[in-house]
Amino acid sequence: MEIRQFEAFAAVHASGSVTAAARLLDRSQPVVSRQIQDLEQELGFTLFTRTRPQVTLTEQGRQFLEEVRNVLTGLQQLEERSREIAAGSVRPLRIATSLSLSNSLVPIVLAEMFEQDPGFQHKLYMDVMPAGHIASALLNGDADVAFSSLPLELERCQLHWCAQAPCQVALPAQHRLAEQPSINAAQLMNDTVITLSNASRMRHRLSTALLHPDRPRQQRQVTTSSTMSAIMMVRAGMGVALVDPCLALHVQPAGVLYKPFDSYVPYTFGAITHSGRPLSDEALRIIDAVRDYAFRHVPQIAEADVSGVPALAHPQELVVTTEE
């Protein structure tokens, strides 16, 4: 198998036809067709279902595409790194973050570190991804350090620290409960509730906390995979949402109010690395800096269990708020 075959395969999928892929790659159509045929022969299975005017992936082709993308991405990174080695550049630090932390703690901390130390990591990569992809990125060597919501299946990864803090309710600024000191689910029975998709059964509480048992069945509910999207929906007046404390602290658009929720719904997050790889001084500094910032600024933050699950189940158990 050759890289040019992989490029042809990825291009046909991206463009939808052999003709378009040939234009994209600046190759002739017969060449691209032959490269796909040769690749299928070597693999022993068909990659595409040929239906004019476009081609579609077979199930085996879909699975193989994931591997090809990894190879092509790795090749691109290898080319970039080879140029950096030739120029005598230090290896860039690679950070993976879940969607929430990429919009809250991590960029704030990096900005502080850059300001305090202009020589700190002249180049770094920050890859934003769903929390479920974090461990794979570390295991595959695509990231050196990661900051993510928890819990996760860590496999051969390790937690350096884990924290928990209560989620807050996001309301439209003109909501009838805007003057209330705190919110409970019974007060929201007639509101449209914007919930997060429950990708992990362990996050069930976060997905259902605002849904009171006596809530009318016909009452509208909106589900989204993005907390940022939920906040923008609240801003547009679509409904109310439960938001993690990191985003509530840093993303405060006009038209959105955050209120304490009277039921304790913990959001857990932490720093993760591969357990078998040494860490650079810069990576260790970032790990410590994000923790220090979180414990200084996130309301009612506390240490969570070393497994990545909340250590405290009730708000009255909270004895740590923020560090001086």
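The values are calculated or read from the model by the stated rules, or taken from the named source; none is laboratory data. Keep in mind that what you see is a predicted model, and the values were worked out from it rather than measured. Reconstructed Cβ throughout: ideal geometry from the backbone, glycine too, with neighbour counts over all protein chains shown.
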Quick one: D292 ticks every box in (1) within 17 Å of P107 (Cβ to Cβ); (2) modelled with pLDDT under 95 except a single one, so which number is it? (2)
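Scan the range 187-207 for residues that are at pLDDT below 85 and either more than 16 Å from I231 (Cα to Cα) or assigned to a loop (DSSP other than H, G, I, E, B) (or both) and jot them down. Walk me through it before giving the result.
Residues of the range 187-207 at pLDDT below 85: 197-207.
Once the filter is applied, which keeps residues that are at pLDDT below 85 and either more than 16 Å from I231 (Cα to Cα) or assigned to a loop (DSSP other than H, G, I, E, B) (or both), the range 187-207 yields S197, N198, A199, S200, R201, M202, R203, H204, R205.
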Count, please, the residues in the range 123-140 that happen to be loosely packed, with under 14 Cβ neighbours inside 10 Å and touching a Lys or Arg at 6+ places or on another chain (Cβ under 8 Å). 0
Would you mind telling me which numbered condition in (1) in a strand (DSSP E or B); (2) closer than 22 Å to A294 by Cα L171 fails? (2)
Of the residues R91, R62, R69, only one is of a type in the set (K, R) and out of contact with any helix residue (DSSP H, G or I) (no Cβ under 8 Å at 6 or more places or on another chain); which? R62
Could you tell me whether the range 58-75 includes any residue that is surrounded by 10 or more Cβ atoms within 10 Å (Cβ to Cβ), over 25 Å from S136 (Cα atoms) and touching a Ser or Thr at 6+ places or on another chain (Cβ under 7 Å)? no
Under the condition of being of a type in the set (G, A, S) and at pLDDT 85 or above, which residue from the range 50-103 is farthest from A283 (Cα to Cα)? G61
Quick one: is L43 hydrophobic (A, V, I, L, M, F, W, C) and surrounded by 17 or more Cβ atoms within 10 Å (Cβ to Cβ)? no
